[in-house]
Amino acid sequence: MIKKRFLLGMVLLTANIQGQNMNRTILTKTLNEYIGKQNFEIAVSFLEPESNTYIGINDTIIMHAASTMKVPVMLELFRRVDGKASGLKDSIEVRNEFRSIVDGSVYSMDIDEDSNESLYELIGKKTTLEHLVNAMIGSSSNLATNLLVDLLGAEEIRKTVKRIGADGMTVLRGVEDLKAFRKGLNNRTDAHSLTRIFEVIYRKSFVSAALHEKMIGILKGQVFGGGIPAGLPQGVKVAHKTGSISGIYHDSGIIFPERGNAYILTVLTRGAPDAESAKRCVSGISRIIYKNSGTGN
């Protein structure tokens with residue numbers, strides 16, 4: 001398990017990665033030089049689970065979670081499925097009315113702000129929980145997310161996050177609650193906690209092994225590849241989730257190299273001049289980690 005004992009801006013290497021004698025000084029220097037060239041905030045959390053090797057840079061800085069909060073929503077759904085309280089083939093009605101956590105007033109998703117338009121065609125009809133979770137992760141559907149948050153309850157999602165020791169992740173609400181946003185009532189995370197969530201998924205330590213494999217398969221279906229995957233050779237599989245709003249771009253997930261052990265990487269960014277700069281930064285860090293992890297040698 002990852003322990004919260006890392007200083008901001010400091011890289012800690014606890015073991016050799018992938019069985020290679022990686023030079024700690026060189027990696028630290030390479031990462032810090034790369035990050036130092038950027039003019040915005042960056043947090044990195046890396047874990048190679050098989051050796052319990054961990055590297056953290058600014059990994060406890062709290063940022064707006066953006067769509068990375070959809071991963072703990074999925075985890076809570078699969079906890080319910082594992083406990084037989086729900087089934088992935090269960091269906092609910094698709095609606096576009098939600099209540100603000102500020103005052104209970106009704107708001108709706110804006111189709112023009114959503115990355116998945118097809119679900120709006122089902123408003124007034126029923127669809128399965130499996131369809132919703134695939135849409136929430138694969139194409140980052142905001143409508144699917146709010147339907148699942150309403151069904152599961154933000155408080156229960158927070159309990160699950162706490163149960164697995166990812167205390168830096170806080171899910172207060174669904175998305176596009178503008179009244180809450182203006183009051184600063186936002187979903188938040190740090191890099192360390194996102195890596196912890198993906199560690200639980202990788203280790204298959206929370207629900208049945210089959211359900212963990214199902215989650216990994218859903219995460220591999222993520223359609224946005226401008227971050228972590230863009231820094232990797234073609235053919236390397238990534239089970240990940242991005243998140244972005246104005247001034248924010250994150251990517252977090254499990255990387256499955258063609259040789260060597262799988263590893264988990266989280267990169268959070270805040271304050272980049274534009275989205276493309278943030279994506280290039282994330283892919284650059286992904287490339288550095290890959291080349292220095294024993295998989296790219």
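The values are calculated or read from the model by the stated rules, or taken from the named source; none is laboratory data. These numbers were taken from a predicted model, which means no experiment stands behind them. FYI the Cβ positions are ideal-geometry reconstructions off the backbone, even for glycines, and counts take in every protein chain you see.
Quick notes on this one:
- Residue that is modelled with the lowest pLDDT [pool: residues in the stretch 251-264 that are crowded, with 21+ Cβ neighbours inside 10 Å and not β-branched (Val, Ile, Thr)]: Tyr263
- Condition broken by Val207, with the remaining ones in (1) outside the structural domain of Gly56 (by TED's automatic domain parsing); (2) in contact (Cβ under 8 Å) with a residue 12 or more places away in the chain; (3) over 17 Å from Lys241 (Cβ atoms) satisfied: (1)
- Hits in the stretch 32-57 (condition: polar (S, T, N, Q) and either in contact with a Phe, Trp or Tyr (Cβ under 9 Å, 6 or more places away or on another chain) or not assigned by TED's automatic domain parsing to the domain that holds Thr195 (or both)): Ser45, Thr53
- Scope the stretch 90-114; condition touching a residue at least 60 places away in the same chain (Cβ under 8 Å) and surrounded by 15 or more Cβ atoms within 10 Å (Cβ to Cβ); matching residues: Phe98, Ser100, Ile101, Val102, Tyr107, Met109
- Failed item, numbered, when Phe78 is tested on (1) aromatic (Phe, Trp, Tyr); (2) in contact with a strand residue (DSSP E or B) (Cβ under 9 Å, 6 or more places away or on another chain); (3) under 20 Å from Gly174 (Cα atoms): (2)
Table: residues versus (1) at pLDDT 95 or above; (2) not small (Gly, Ala, Ser).
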| position | (1), (2) |
| --- | --- |
| Gly217 | yes, no |
| Val223 | no, yes |
| Gly235 | no, no |
| Gly243 | yes, no |
| Ser246 | no, no |
| Thr266 | yes, yes |
| Lys279 | yes, yes |
| Gly294 | no, no |
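- Selected residue [modelled with pLDDT of 95 or more, among the charged types (D, E, K, R), within 25 Å of Leu129 (Cβ to Cβ) and surrounded by 23 or more Cβ atoms within 10 Å (Cβ to Cβ)] from Arg196, Arg203, Arg163: Arg196
- Residue within the stretch 164-178 that is part of a helix (DSSP H, G or I), touching a residue at least 24 places away in the same chain (Cβ under 8 Å) and touching a strand residue (DSSP E or B) at 6+ places or on another chain (Cβ under 6 Å) present: no
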